[in-house]
Amino acid sequence: MPEGHTIHRLAAALDELYGGQKLHTSSPQGRFADGASRLDGQVLLGSQAHGKHLFLPFGARADVPVDDESVTWLRIHLGLYGSWTFDGDREFTAPHAIGAPRRRVGERGEHALKGGGGSALAGLSGGADDVTDRREGQEGDSSSHDGPSPNEWEPPKPRGAVRLRLLGRHGVADLTGPAACELLDAEGVAAVRRRLGPDPLRADADAEVFVAKARSRRKSIGELLMDQSVISGAGNIYRAEALFRVGISPFRAGNRVSEERLRAIWEDLRPLMEYGVATGFITTVDLDDVPDPLPPDDPEAGRWYVYHRTGRPCLRCGTPVAEREMAARRLFWCPTCQAR
Ligand SMILES: [Zn+2]
């Protein structure tokens, strides 16, 4: 499942690609036919993310305020299997958000890691159908978009079970396999957001809400960081890395972690996740801790302290990194640096 920074990047990209445009929406698969026909011909007014939820407001005209009661909100959660596929002409770019439109976003999330970086968005660039042989480290190469000119491009036929197609002047975005794709009014959006913990990537997030929620629970802090009702958007990589960087045992109960240390987790996560939004990469190792030279059999040491480094020496103390299953997810930690 993509971590929250990927959804924020996606929100920014959709806004750049389609914001202020009247869109044609359809549900080639049919499962979202009613919803798609309600949105068809409306204007995308912006976009926002909260944790792993994407919220897209649609209005009758581009000048409708987002908080107007006539606005219809589309909520999408990719879940484990959802993904977006993009195609368009050479004008269909989102230079500030993701460089060129990515062919495919989502699906497998952290498991899609190959060459470098840590995001499903990174490295999935525009061009031919070459998703599988792209390497994430090549994201920087994709800024030049060599698609067809606007009058040569035609929307491709939907591939697979496309729940929702967003078609604009210059390109198309196809959504397949989402866990959620539904229309809401503003009150419905507020109700979803009330169930979510604060998202460190949102300007309106309140760290004290996270501290209070974590302090009220007896579950381990390792589980609480993955609980979207406690904190939104951090996934398995950020969970492991923030706990290492702050030096907290993942097995310590939330109500036994001091407020000060919980604030330290939040304050550490926010810039790490902001870096993820800006670059598409999850990189958490401070430059001083990167081994030089990088051991050839331990490539993750250049970007992660403990994640996917089972048995490798801790970058700070040399203790072998440990791994265990926690709530059906793989957990990585240093037993020495994170003893308490
Ligand atoms: Zn250590």
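The values are calculated or read from the model by the stated rules, or taken from the named source; none is laboratory data. Here the structure is a predicted model, which is why all the values come from computation and not from measurement. Heads up, the Cβs are rebuilt from the backbone with ideal geometry, glycines too, and the neighbour counts pull from every protein chain shown.
Just checking, does the range 291-306 include any residue being in contact with a Pro (Cβ under 9 Å, 6 or more places away or on another chain), modelled with pLDDT of 95 or more and among the β-branched types (Val, Ile, Thr)?
No, that holds for no residue.
Which pairs turn up if I take residues in the range 315-340 that are closer than 11 Å to Tyr305 by Cα and of a type in the set (Phe, Trp, Tyr) and look for partners that are assigned to a loop (DSSP other than H, G, I, E, B) and more than 9 Å from the ligand (Cβ to nearest atom) with beta carbon separation below 6 Å, at least 6 apart in sequence or on another chain?
Listed pairs, sorted by first residue: Phe332/Tyr307; Trp333/Pro250.
Looking at Phe86, Phe55, which is the one that is among the aromatic types (Phe, Trp, Tyr) and surrounded by 23 or more Cβ atoms within 10 Å (Cβ to Cβ)?
Phe86
Looking only at the range 324-337, decide whether some residue is within 12 Å of the ligand (Cβ to nearest atom) and either at pLDDT below 95 or in contact with a Pro (Cβ under 8 Å, 6 or more places away or on another chain) (or both).
yes
Among the candidates Ser70, Ser27, Ser37, which residue alone is touching a helix residue (DSSP H, G or I) at 6+ places or on another chain (Cβ under 7 Å), at pLDDT 95 or above and either of a type in the set (Gly, Ala, Ser) or surrounded by fewer than 15 Cβ atoms within 10 Å (Cβ to Cβ) (or both)?
Ser27
Out of the range 284-323, which residues are within 15 Å of the ligand (Cβ to nearest atom), part of a loop (DSSP other than H, G, I, E, B) and under 24 Å from the mean Cα position of the chain (by Cα)?
Within the range 284-323, Thr284, Val285, Asp286, Trp304, Tyr305, Val306, Tyr307, Arg309 meet the criteria.
Can you tell me which residue in the range 58-81 is nearest to Met1 (Cα to Cα), limited to those that are in a strand (DSSP E or B) and over 19 Å from the mean Cα position of the chain (by Cα)?
Ranking the candidates gives Trp73 first.
Residues that are over 30 Å from Ser249 (Cα atoms) and under 20 Å from the mean Cα position of the chain (by Cα): find the helices (runs of 4 or more DSSP H) completely inside the range 160-225 holding 1 or more of those.
Qualifying helices (runs of 4 or more DSSP H): 186-194.
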